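Student: Here's a structure for you.
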Amino acid sequence: MFSKKLIADYEKRPEKVLQFGEGNFLRAFVDWQVDELNKKADFNGSVVVVQPLEFGLVDKLNEQDGLYTLYLQGMKEGKAVREHTLIDCISRGLNIYSQYDEYLELAENPELRFIFSNTTEAGIAFDENDRLEDRPAKSFPAKLTAFLYRRFKVFKGDKEKGFIIIPCELIDRNGEKLKKIVLQYASVWNLDDSFVQWVEEANTFCCSLVDRIVPGYPRDTIDEITKELGYKDDMVVAGERFHLWVIEGPQWIREEFPAHLAGLNTLFVEDMTPYRTRKVRILNGAHTAMTPVSYLYGIDTVGEAVNHEVTGQFVKELIFDEIIPTLDLSPEELHSFADAVIERFMNPFIEHFLLSISLNSMSKFKTRNLPSLIEYYNCKQDLPRKLVFSLAALISFYKGKRGEEDIHLQDDQDVLDLFKEHWGQYNDTLESVESIVTSILGYEKIWETDLNQIPGLTAAVTNSLFEIETKGMRQAVGEVLGKITVK
C-alpha cells in the first residue's frame, strides 16, 4: 500500500503548483523537475494535479497517495544506464468533473503560484459553447479562465496574487495562444474590465519548448521492474535521461523556479526561437533525413541507423557539416546539443522505428530540412550534398518499394497519387528520373515554391536519384561518403 507516511524523510509541502494533466509526460518531465527542486534547491512546493478530461488516472494516482516510480533510461558516459526514483511531489489529484468545487477552492490558496499544462496540441483551443457557469467548461482555456476569475474575485484583484503560467503543449508560441484565448473568453463572457487588466498585469504567460521522450508505462518489462523494486507500482513511467525545457519569459522567474540550483537543463530565455529552430533542424531534421536513406539501406530503427558504420556516418556528417552551419546559436551550444541528439538516437531502451517517422515525410522535409538546404546554399553558394541526397532518397522511398518488399506509405492522398503517377512512367533512364524529379520539385502544393528555381538542385537530385535506382542505396550512399568498400 502506497503512503507518504512510509517515507522516512517526507515533509508535507505547500501546494504551489496547479497542473492540468496527469499523463506520462508531465509526470516524467515537470513533476520530476519539481521533485528535483524540492530535493536540491529548497523549492518547498507540491503539485495539485487536475485531470482535465472526465476519464483519466487521478483515481489511480490518489490510490498511491500521489506516489509513483520514474525510470530514466539512456546513455551515460558511453554506457547504457537505467535509474529509478520515487517521485513524491504530488499532493493530490482532482477530477474536475466530479470535484469542481474543490477545483475552484484551489484558487483561494494564497501560496499557489505556478500553473503548468499539457492537454495535447488540440487542448489550447476556443470553444464558443463554453460558459462561465459550466461545471466544468469543455475546453482547457475556459476551465483556466474560470479559475483565474475566481482567484481575481477572492483576492479582490490583488496584483500580488497572479500566476506564472507555463503551458507545455507542443504548439508554437503556446503561452501567447493560451493567453489570447483566456482574454477571448473574458470578452465573450462579459467579465469585468478590471479582470482583463488583472490577467494582463498580474499574470505571466510564458511560451515554452519541452523535449524528453517518454514511452510511458513499461508494459514489456513491468514484471522485471516489479521484481527489482520489491513493490507493485501501477503508475510507473519510463522516460529517456535527456531533458530540455526552454522557457521564454522574464529572468526573475528563474529565482522562483531555481532550476539552475538543481542542475536541470531548464533555460529561461528572452527569445526561444533559436532553440526551437535548433531542435527542429537538428533533431527532427536528422530524423527525417535519415529515414529514407537508412530504410532503403535495409535498416529498420533509429538506433540501428546511427550505430551502423555507414548510415551512422551519414547522419553525423549531415548534422555537423550541413545543418549546424546554418544555425545562429554559438558553435559550442550547437555541438553540445548535436552530441546529445546522437546519444539519444543510440538509446538502447527506446526502439524507434523508421517507418513510424516516415508519416507525412514530404511536409516534414519541407519544414525540417528544406530551410537548412536553402540557408546552406545562400551562405555558401553551393548545395549541401547529404541533404540533397536525402531528398533524392525520399523520392525513391515514395516509389513504395524496398527491393521486393512493399513500403506502406502514409501521406496525403494527393501526394501519394503524384508519386504513383510519375513512378509509373519510370523506364530506367536518366531522362525519366529527371522528369520525376522536375515534377516533384515543382509541386508547389507541397513546397509553396518551385524548387527547380534553386540553381543546380534539379540536376543534383536527379543524379543522386539515378545512382540510387541503378546502383542501389548501399553503393549510392557509400559514394556520397567517399567510401570505397560499402558493407
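The values are calculated or read from the model by the stated rules, or taken from the named source; none is laboratory data. All values derive from a computational prediction rather than experimental measurement. No Cβ is skipped: glycine too gets one built from the backbone with ideal geometry, and neighbour counts run over all protein chains shown.
Student: Being in a helix (DSSP H, G or I) and either touching a residue at least 40 places away in the same chain (Cβ under 8 Å) or in the same structural domain as ARG474 (by TED's automatic domain parsing) (or both) is true for just one of LEU318, LEU329. Which residue is that?
Tutor: That would be LEU318, the only listed residue that is in a helix (DSSP H, G or I) and either touching a residue at least 40 places away in the same chain (Cβ under 8 Å) or in the same structural domain as ARG474 (by TED's automatic domain parsing) (or both).
Student: Can you tell which of GLU343, GLU317, GLU375 is charged (D, E, K, R), modelled with pLDDT under 95 and within 30 Å of GLN410 (Cα to Cα)?
Tutor: Exactly one of GLU343, GLU317, GLU375 is charged (D, E, K, R), modelled with pLDDT under 95 and within 30 Å of GLN410 (Cα to Cα), namely GLU343.
Student: Something else about it: Against the definition (buried (at least 20 other Cβ atoms within 10 Å of the Cβ), modelled with pLDDT of 95 or more and closer than 24 Å to ASP31 by Cβ), how does LEU106 come out, yes or no?
Tutor: Answer is no for this residue.
Student: Something else about it: Tell me which residues, restricted to the stretch 27-74, are among the hydrophobic types (A, V, I, L, M, F, W, C) and more than 25 Å from GLY230 (Cα to Cα).
Tutor: Of everything in the stretch 27-74, those that are among the hydrophobic types (A, V, I, L, M, F, W, C) and more than 25 Å from GLY230 (Cα to Cα) turn out to be VAL30, VAL34, LEU37, ALA41, PHE43, VAL47, VAL48, VAL49, VAL50, LEU53, PHE55.
Student: Related question: Out of the residues in the stretch 346-390 meeting the condition of being polar (S, T, N, Q) and in a helix (DSSP H, G or I), tell me which one is surrounded by the most Cβ atoms within 10 Å (Cβ to Cβ).
Tutor: Only one residue tops the list, namely SER390.
Student: In the stretch 257-278, how many residues are surrounded by fewer than 19 Cβ atoms within 10 Å (Cβ to Cβ), farther than 16 Å from ASN174 by Cα and in contact with a strand residue (DSSP E or B) (Cβ under 7 Å, 6 or more places away or on another chain)?
Tutor: Number of matching residues: 2.
Student: Look through the stretch 411-429, keep the residues that are within 22 Å of ILE357 (Cβ to Cβ) and exposed (fewer than 15 other Cβ atoms within 10 Å of the Cβ), and return whichever of them is modelled with the lowest pLDDT.
Tutor: ASP412
Student: Residues that are closer than 27 Å to PRO141 by Cβ: list the helices (runs of 4 or more DSSP H) wholly contained in the stretch 187-290 that include at least 3 such residues.
Tutor: 193-202, 253-256, 273-278
Student: What are the pairs with Cβ atoms under 8 angstrom where one residue, in the stretch 1-13, is at pLDDT 85 or above and the other, located anywhere, is outside any loop (DSSP other than H, G, I, E, B) and among the hydroxyl-bearing types (Ser, Thr, Tyr)? Sequence gap at least six, or different chains.
Tutor: LYS12/SER46; LYS12/SER91; ARG13/SER46; ARG13/SER91
Student: For the stretch 22-128, which fully contained helices (runs of 4 or more DSSP H) count at least 1 residues that are touching a Pro at 6+ places or on another chain (Cβ under 6 Å)? Don't jump to the end; show me each part of the working.
Tutor: Values: elements: 24-40, 58-63, 100-105.
Here the list reads 100-105.
Student: So, one more: Quick check on my filter: what residues within the stretch 129-165 are within 20 Å of GLN51 (Cα to Cα), over 27 Å from the mean Cα position of the chain (by Cα) and assigned to a helix (DSSP H, G or I)?
Tutor: Within the stretch 129-165, ALA146, PHE147, LEU148, TYR149, ARG150, ARG151 meet the criteria.
Student: Right, next: Against the condition of a type in the set (Gly, Ala, Ser) and modelled with pLDDT under 95, how does GLY74 come out, does it pass?
Tutor: When the stated conditions are applied, GLY74 passes them.
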